[in-house]
Amino acid sequence: MLFVILVLSSCKGCKEKESDELCSKKTPYLGNDLRVDGYYYVDYDNPPGRKIIFLYRNGVMLYGSLIDLEELSTYEESYSNGGYYNAARANENVWGNFRIAGSSILYEKWYPSTNNQVAFIHEGEILTDSTFRIIKTYRCDGSGPVAENELYQFKYFPTKPDSSNQFVK
């Protein structure tokens, strides 16, 4: 009887979708519009923090966290030695993809929601090969657009975490 209850309750979970799909499949980035030999960051003042993302030639984007600036060297060491990747590789919330078309950049990633993971697109413009600005965020269906103004700057960082993951196809 216990086995039947377990099977029935697990089937209910199988029917529910755990995550939105990303709007697009990953595509290799072959251009030179943006550098990919490091990471991009946005600095915040109150409280002092830094949001970090990694972009890879295979089209994968890895969210490196929003960190306290006092912890920057600790995080950078963790990125280099594989510690961050080992902790993050099974976490869908840190993975996504990106694509570039002309002077536009879009990156997608998942965010936790009440019942599932929700995919959002961050859209912006490339200013130089080491700077871009995200100007809006929205869902794959175009809903919920929110104006943004995040200026991402580049930092050379040759020992990036691995981009292998089970989420971005």
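Each reported figure results from applying straightforward, stated rules to the coordinates on display, with no laboratory input. No experiment lies behind these values; they were computed from the predicted model shown. Cβ coordinates were reconstructed from backbone atoms using ideal geometry, including for glycine residues, and neighbour counts include every protein chain displayed.
Points worth noting:
- Placing +1 on the Cβ of every Lys and Arg and -1 on the Cβ of every Asp and Glu, with nothing else charged, gives the range 19-156 a dipole about its Cα centre of roughly 440 debye.
- Label corresponding to Cα Rg over 2.2 N^0.38 Å when calculated from the structure given, among (1) 1.14; (2) 0.97; (3) 1.33: (1)
- Residue among THR128, THR114, THR137 with the largest mean-square fluctuation in a Gaussian network model of the chain, springs linking Cα atoms under 10 Å: THR114
- Rounded if a/c under 1.5, otherwise prolate or oblate - the range 75-162, Cα gyration tensor axes: oblate
- Taking all Cα pairs closer than 8 Å and separated by 6 or more residues, the relative contact order of the range 19-156 comes to 25 percent.
- Among ASP33, ASP45, ASP68, the largest mean-square fluctuation in a Gaussian network model of the chain (Cα springs under 10 Å) belongs to ASP45.
- Formal net charge of residues neighbouring ASP37 (Cβ-Cβ distance under 12 Å; K, R +1; D, E -1): +3
- Between 0 and 90 degrees, the angle of helix 72-81 with respect to the longest Cα principal axis of the chain falls at about 70 degrees.
- Gyration tensor (alpha-carbon) shape descriptor, the range 16-89, a/c threshold 1.5: prolate
- Gaussian network model of the chain, Cα within-10 Å springs - most flexible of ASN32, ASN97, ASN81: ASN32
- A Förster radius of 25 Å, combined with the Cβ-Cβ distance separating ALA87 from VAL118, puts the computed FRET efficiency at roughly 0.65.
- In a fully extended conformation the segment linking GLU150 and SER73 would gain 25.5 nm over its present Cα-Cα distance, using 0.36 nm per residue.
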